[in-house]
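This structure is in structure tokens; I'll ask about it shortly.
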Amino acid sequence: MIEVLAKLGRGPVFLAGEVLECVITFTNPLSASSTSASSEMLAWASAQIHCQFHASENRVALPPSDGSKHDVQAENETVFVPNRGERGQCILSTPPKILFCDLRLDPGESKSYSYCETLPVDGPPSFRGQSVKYVYKLTIGCQRVNSPIKLLRVPFRVLVLHGLKDYQFPQDEAVAPSNPFLEEEEGLKKDSRLADLATELLMVATSRRSLHLYNISNTRGKVGTFCIFKTVYKIGEDVIGTFNFSEGDIPCLQFSVSLQTEESIQEEFQRRRGQPVSFTTHARHQESCLHTAQSSFSLPIPLSSTPGFTTNIVSLKWRMHFEFVTSGESARTCLVRGSQSEAVTWTGVEQMEVDTFSWDLPIKVLPTNPILASYVSQFSSTNSITI
């Protein structure tokens, strides 16, 4: 028996273009006092990254797969196929890397191997939607002699930030900030600079603030105004907005604001022409606001959510969805006098004519620092199997 342990040192979330590093440890768990006959042998071990795509048959019409590409060897249990037994199709994979050949482990002995691979920048982000799913995994295959291959899958999350693909790092390393007391490998140095560059680009894009004012009105007149200071955010930030109903002609009884994603299938892949778009609500604020001059809301963008993106099959966009309930009468008729005595009591009317209308405001949501997103990831940094 051999225990295989795979550990992602920095966490299970990465930016496309970064270097994923995983330490894989093989251990013979028997005590060191066991005889040498208890030694274990592995013929080989290999690792590979792949992205698995799965689409809902009710929503997405994919073109027929090319049968000529069917690999007969993939059905053989002694062939390393990272996505064996998984649903969907593999749309992206890195070249497999051999970790070792002919490994012998004595009782109590363990050996570790480091796997490093740059995540492709032209792939989709990790996404689990109502119509499609993009799932990234690092798969480690191990085989004993004359035995089937055992697979250890390490799922992780990939964030995609547009603009990193075409960025050229300066050739003069002297101009780049560095720590003279640390010795870094060239690949890790470039990887850290890529993460720093992404953080800087995100900060620049999401720190720009300018006043955006919107008049809220229906067919009968003005209800109020809405104010927001930016429309570009990172996941993990709060969307903050304010309402001013003091200058409105129509009383607003209630409003709600929902932070939503809009998942739409490209027209050529739609199962039915003109099929509806899928909406997912991530946060919601509702408030009664009759006789309220001003109000505000704060909606958090979950760190576990997917930033907006577009592929050849699906598009994901973010928006704020507003719903307003207004009175069909003037503000004075919303209260009635309850008594004719000197102590006057005002109460709300029992029945009221109301109008409802909605409004959508598109916003842009970008990724964040992958280390921050790792704190709330559903994936574990450590995975293991026993073979």
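The values are calculated or read from the model by the stated rules, or taken from the named source; none is laboratory data. Keep in mind that this is a model prediction, so the values were computed, not measured. Counting neighbours? That spans all protein chains shown, and the Cβs are built from the backbone with ideal geometry, glycine included. These area figures cover heavy atoms from the full protein model, side chains too; ligands, DNA and RNA do not enter into them. Shrake-Rupley method; radii C 1.70, N 1.55, O 1.52, S 1.80 Å.
Identify all residues within the stretch 123-138 that are part of a loop (DSSP other than H, G, I, E, B) and within 19 Å of PHE269 (Cβ to Cβ); write none if there are none.
Selection gives GLY123, PRO124, PRO125, GLY129, GLN130, SER131.
Still on this structure, please answer the following. Could you list, in sequence order, all residues of the stretch 75-128 that are among the small types (Gly, Ala, Ser), open to solvent by 60 Å² or more (accessible area, probe 1.4 Å) and modelled with pLDDT under 90?
Across the stretch 75-128, the qualifying residue is only GLY85.
To keep it simple, each residue is scored yes or no on (1) at pLDDT 80 or above; (2) touching a strand residue (DSSP E or B) at 6+ places or on another chain (Cβ under 8 Å); (3) outside any helix (DSSP H, G or I).
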| position | (1), (2), (3) |
| --- | --- |
| LEU151 | yes, yes, yes |
| GLU184 | no, no, yes |
| LEU188 | no, yes, no |
| ASP196 | no, no, no |
| THR199 | yes, no, no |
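Can you tell me which residue among THR281, THR306 is polar (S, T, N, Q) and surrounded by 17 or more Cβ atoms within 10 Å (Cβ to Cβ)?
Result: THR306 is the single residue among THR281, THR306 that is polar (S, T, N, Q) and surrounded by 17 or more Cβ atoms within 10 Å (Cβ to Cβ).
Identify, from the list PHE243, PHE229, PHE255, PHE269, the residue that is among the aromatic types (Phe, Trp, Tyr), open to solvent by 20 Å² or more (accessible area, probe 1.4 Å) and touching a strand residue (DSSP E or B) at 6+ places or on another chain (Cβ under 6 Å).
None of the other options fit; the residue is PHE269.
Can you say whether GLN294 is under 17 Å from MET320 (Cβ atoms), open to solvent by 50 Å² or more (accessible area, probe 1.4 Å) and out of contact with any helix residue (DSSP H, G or I) (no Cβ under 6 Å at 6 or more places or on another chain), as far as the supplied structure shows?
No: the conditions fail for GLN294.
If the requirement is being modelled with pLDDT under 95 and open to solvent by less than 10 Å² (accessible area, probe 1.4 Å), which of these qualifies: GLY141, GLY163?
After applying the criteria, what remains is GLY141.
Are any residues in the stretch 358-379 in contact with a Pro (Cβ under 9 Å, 6 or more places away or on another chain) and open to solvent by 70 Å² or more (accessible area, probe 1.4 Å), and if so, which ones?
Once the filter is applied, which keeps residues that are in contact with a Pro (Cβ under 9 Å, 6 or more places away or on another chain) and open to solvent by 70 Å² or more (accessible area, probe 1.4 Å), the stretch 358-379 yields LYS364, VAL376, GLN378.
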